[in-house]
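Undergrad: Once you've had a glance at the structure underneath, I'll fire off some questions.
The values are calculated or read from the model by the stated rules, or taken from the named source; none is laboratory data. Every value quoted in this text rests on a predicted model; they were computed, and no experiment measured them. Cβ coordinates were reconstructed from backbone atoms using ideal geometry, including for glycine residues, and neighbour counts include every protein chain displayed. Protein only, heavy atoms only, side chains kept; ligands, DNA and RNA dropped before computing areas. Shrake-Rupley method; radii C 1.70, N 1.55, O 1.52, S 1.80 Å.
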Amino acid sequence: MKFKDYKYERPDFLGISKELENIASAIKEEKEVEKIIKLIDKRNEIIGHYDTLTSICYVRNTIDTTDAFYEEEINVIQENGPMITEKAQEIIYAIINHEKKPELEKHYGKYWFEAMELSLKTFDPSVSDLLVEEGKLTVEYNKVMASAQIEYDGKINNLSQMRKYTTSVDRNIRKEATLKVDEFLQANEEKIDNIYDKLVKIRHEIALKLGYKNFIELGYARMGRTDYNACDVDNYRKQVLESLVPVANEIILKNCKRIGVTNPQIYDLDLQFLDGNPTPKGNKDELVNKALKMYTEMSKETKEFFEFMIEHDLLDLETKKGKQNGGYCTYFYDYKSPFIFSNFNGTSGDVDVLTHEAGHAFMAYTCSKELSNPDLIWPTSEACEIHSMSMEFFAHPWMELFFEEDTKKYLLSHTNEALTFIPYGVCVDHFQHLVYENPFATPQERKEMWKKCEKMYTPWRVMDEIPMFAKGAFWYKQGHIFSSPFYYIDYTLAQVCALEFYLDSIENKADAWDRYVKLCKLGGSKSFVGLIKEVGIHNPFENGSIRGIIERLLPVIEKLEF
């Protein structure tokens, strides 16, 4: 069955709620463990089906944000979703407070119970209306960003399509294109500021109603962080600041010297080589066929996985009018199938999608064979990103398929960018902590917060010639800040772990791959720290971890230089 044939129908919110309510009542009364397990299995089927319908709706809405039907369905789901959440939480209450909890923990694993208990702290019926408003605002932001129609080079371009110009070998084109993007942001400044201002205040209000000091604590709970807190993250950021920022600065300046720029501006930083950044060779279909060859040769597991993705038409990769920006991977529980969404734009990012998002999809495809509980298919997001970022590095031996004569350039730039990205990701995280510590700050004060963080973690980013960026509004483009607060640090934590997998694979490829597949099979059955411990990856929060990765990686980068 192709994705286009996956059936969507509006969820029966009242019917689902009643079924979940009945299961909660039955669990409370049931004394036999086996019968409780059957009731939980029924709950899993219902939640899995509901998640499937909402995921199909979300995907079709993002493929075409102008489709009125799916826009309306998204609104209906957001308005009625809290009803399902409330009833689902009644089941959680029944499970974690049951006298048979010790026996159930042995069956399902202790971590699921820890995660459920944390999830109870993220919702109460009293915040349902606020959650609906929060959801609507994130959709509104996505629509604003998807509405970009930027006239340049005789064409109408969206934000994704502008990237080929902002990475041009011609410095004037890079600057002109960046200014065009800047003009779009300036035209929508008031709208974006208003959306974010409302989001911050709504999230703060939700946090207070749930008994938190501010949204930071609630944000961490929403992210499912059971084994680390804001203090751990603060210590991690300090490690990045002390050990990595100086090294990243040297790499950035070396890149600028390579392209002959002595006074680098923000629009110079994405160009790596004077003759142009590495670009993939071939159209969408050709790149997919090359990916199939790569995954066929990589392992029997990846061969089976990617053939499944192609057979069921589970890749929507090309940029289209009205399509949401960015890329993601999701999962349809009823069909046991992942889905990859992207916007190809002719840059190396197209190949990154076929490795990064495929890493997510491979994990979901693999662990769904091991786990039937929909709560445990996906681990917390920092663990999820290990699968995707590590897959990018495991794909290195096949990059000649995609880049041909540009292969050396890709390997160097990809490895450099993996390292230099981390300070930016930490910058985004620190900014969000400042925002939610000061929820009543003005839009201008938030821009000043951003500038402070940029100066601290990314001193090489000079914005003087780009008005909105100089004003402190670069973060407008970072969708995670609007839709998934506190997510972005997870990319950096995962990158540290992925770099360790990369370095291990250079020393012992078979062992590193086996540990990676093991990690994928574990899905979300353990916490972040529990998962990496299980597969022999160091804890990024421990002092010296960042310095240790850098010391191992720099000699590798030196060998890649040419």
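Undergrad: Output the relative contact order of segment 419-493, whole-number percent, from Cα pairs under 8 angstrom with separation of 6+ residues.
TA: 44
Undergrad: In segment 334-367, whose amide N lies under 20 Å from the spot 7 Å out along Cα-to-Cβ of residue 293? List them in ranges.
TA: Under 20 Å, as judged by backbone N against the label point of residue 293, lie 346-356, 358 of segment 334-367.
Undergrad: Rolling a 1.4 angstrom probe over the protein heavy atoms, how many square angstrom per residue are accessible across the chain?
TA: Per-residue value: 41 Å².
Undergrad: Radius of gyration and Dmax for segment 88-232's Cα atoms, expressed in Å?
TA: 22.4, 70
Undergrad: Still on this structure, I have one more. For segment 447-562, what ratio Rg/Rh do Cα atoms give with a Kirkwood hydrodynamic radius?
TA: Details: Rg = 18.0 Å, Rh = 17.0 Å.
Checking Rg against Rh, the ratio lands at 1.06.
Undergrad: What does the charge count near residue 238 come to, summing +1 for each Lys or Arg and -1 for each Asp or Glu among other residues with Cβ under 15 Å from its Cβ?
TA: -3
Undergrad: Across the Cα atoms of segment 261-301, what radius of gyration and what greatest pairwise Cα-Cα distance (Dmax) are found, in Å?
TA: For segment 261-301, the Cα radius of gyration and maximum Cα-Cα distance read 16.6, 49 Å.
Undergrad: Once R0 is set to 30 Å, what does the formula 1/(1 + (r/R0)^6) return for the Cβ-Cβ distance between residue 10 and residue 249, expressed as a FRET efficiency to the nearest 0.05? Provide the component values of the computation, followed by the final result.
TA: Numbers: r = 52 Å, r/R0 = 1.74.
So, using R0 = 30 Å, E works out to roughly 0.05.
Undergrad: To continue, here is another question. Computed FRET efficiency, Cβ-Cβ of residue 408 and residue 304, R0 35 Å: what is it to the nearest 0.05?
TA: 0.65
Undergrad: Can you tell which of 211, 241, 226 lies farthest toward the positive end of the dipole of segment 193-257, using +1 and -1 charges on the Cβ of basic and acidic side chains (Lys, Arg; Asp, Glu)?
TA: So the residue furthest toward the plus end is 211.
Undergrad: Within segment 366-388, whose backbone N sits under 13 Å from a point 7 Å along Cα→Cβ of residue 336?
TA: Residues 366-373 qualify, since their backbone N sits under 13 Å from the label point.
Undergrad: Multiply the residue gap between residue 153 and residue 198 by 0.36 nm, knock off their C-alpha separation, and tell me the result in nm, one decimal place.
TA: Details: separation 45, 0.36 × 45 = 16.20 nm, distance 3.63 nm.
Taking 0.36 nm per residue and subtracting the Cα distance, the gain is 12.6 nm.
Undergrad: Select from 436, 331, 84 the residue farthest towards the positive end of the dipole of the chain; place +1 on Cβ of Lys and Arg, -1 on Cβ of Asp and Glu, and compute about the Cα centre.
TA: 436
Undergrad: Using a simple charge model, +1 on the beta-carbon of Lys and Arg, -1 on the beta-carbon of Asp and Glu, nothing else, what dipole does segment 411-562 show about its Cα centre, in debye to the nearest 20?
TA: 320
Undergrad: Which far-off residues, 5 or more places away or on another chain, put their amide H under 5 Å from the one on residue 344, with H placed in the peptide plane?
TA: Residues meeting the criterion, in which the H sits 1.01 Å from N, are 318, 319.
Undergrad: Subtracting the Cα-Cα distance from 0.36 nm times the residue separation, let me have the gained length for residue 22 to residue 35 in nm, one decimal.
TA: Computed gain between residue 22 and residue 35 is 3.3 nm.
Undergrad: Restricting to Cα atoms and excluding each atom paired with itself, what does the Kirkwood estimate give for segment 16-76 in Å?
TA: 13.4
Undergrad: For segment 62-145, what number results from the quotient of the Cα radius of gyration and 2.2 N^0.38 Å?
TA: 1.45
Undergrad: How much length is gained on full extension from residue 97 to residue 559, taking 0.36 nm per residue of separation minus their Cα-Cα distance?
TA: Extra length available between residue 97 and residue 559 comes to 160.6 nm.
Undergrad: A further question on this structure: Taking only Cα atoms, what is the 0 to 90° angle, nearest 10, from helix 230-239's long axis to the longest principal axis of the chain?
TA: Rounded to the nearest ten degrees, it is 20.
Undergrad: What angle, in degrees between 0 and 90 and rounded to the nearest 10, separates the Cα long axis of helix 407-437 from the longest principal axis of the Cα atoms of the chain?
TA: Taking Cα atoms only, the helix is inclined about 60 degrees.
Undergrad: Based on the alpha-carbon set only, what is the convex hull volume of the chain divided per residue, in Å³?
TA: With only Cα atoms used, the chain gives 143 Å³ per residue.
Undergrad: To the nearest 0.05, how large is the calculated FRET efficiency for residue 209 and residue 67 if R₀ is 45 Å and r is the Cβ-Cβ distance?
TA: With R0 = 45 Å, the Cβ-Cβ based efficiency is 0.85.
Undergrad: Can I ask one more? Using only alpha carbon pairs under 8 Å that are at least six residues apart, calculate the relative contact order of segment 309-458 and give it in whole percent.
TA: It rounds to 15 percent for segment 309-458.
Undergrad: Taking the Cα-to-Cβ direction at residue 274 and at residue 509 and moving 7 Å from each Cα, how far apart do the two end points lie in nm?
TA: So the two model labels end up 3.4 nm from each other.
Undergrad: Suppose every K and R has +1 on its Cβ and every D and E has -1 on its Cβ; what is the size of the dipole of the chain about the Cα centre, in Debye to the nearest 20?
TA: Dipole magnitude for the chain comes out near 540 debye.
Undergrad: Which one of 98, 135, 62 is farthest out on the positive end of the charge dipole of segment 45-147, using unit charges on Cβ (Lys, Arg +1; Asp, Glu -1) and the Cα centre as origin?
TA: Checked the options; the winner is 98.
Undergrad: Right, another one. With the Cα gyration tensor of segment 370-516 giving a ≥ b ≥ c as the square roots of its eigenvalues, does the rule (a/c under 1.5 for rounded; else a/b larger than b/c for prolate; else oblate) give rounded, prolate or oblate?
TA: Since a/c reaches 1.5 but b/c is at least a/b, the shape of segment 370-516 is classed as oblate.
Undergrad: Follow-up question, since we're still on this one. Excluding the sites themselves, what is the longest stretch of the chain that contains no trypsin sites (Lys or Arg not before Pro) in a DSSP loop with at most 13 other C-beta atoms within 10 Å?
TA: Values: sites that count: 2, 7, 31, 213, 320, 321, 369.
Answer from the scan: 370-562.
Undergrad: For segment 225-311, compute the number of Lys pairs whose alpha carbons are separated by less than 25 Å, excluding pairs fewer than 8 positions apart on the same chain.
TA: 10
Undergrad: Pairs of Cα atoms under 8 Å, at least six residues apart: use those to get the relative contact order of the chain, whole percent.
TA: Reported as a whole number, the value is 18 percent.
Undergrad: Follow-up question, since we're still on this one. In degrees between 0 and 90, to the nearest 10, how far off the longest principal axis of the chain does helix 189-209 point, with axes built from Cα atoms?
TA: 30
Undergrad: Over the chain, what is the percentage of antiparallel beta bridges among all DSSP beta bridges, to the nearest 5?
TA: Within the chain, antiparallel bridges account for around 75 percent of the total.
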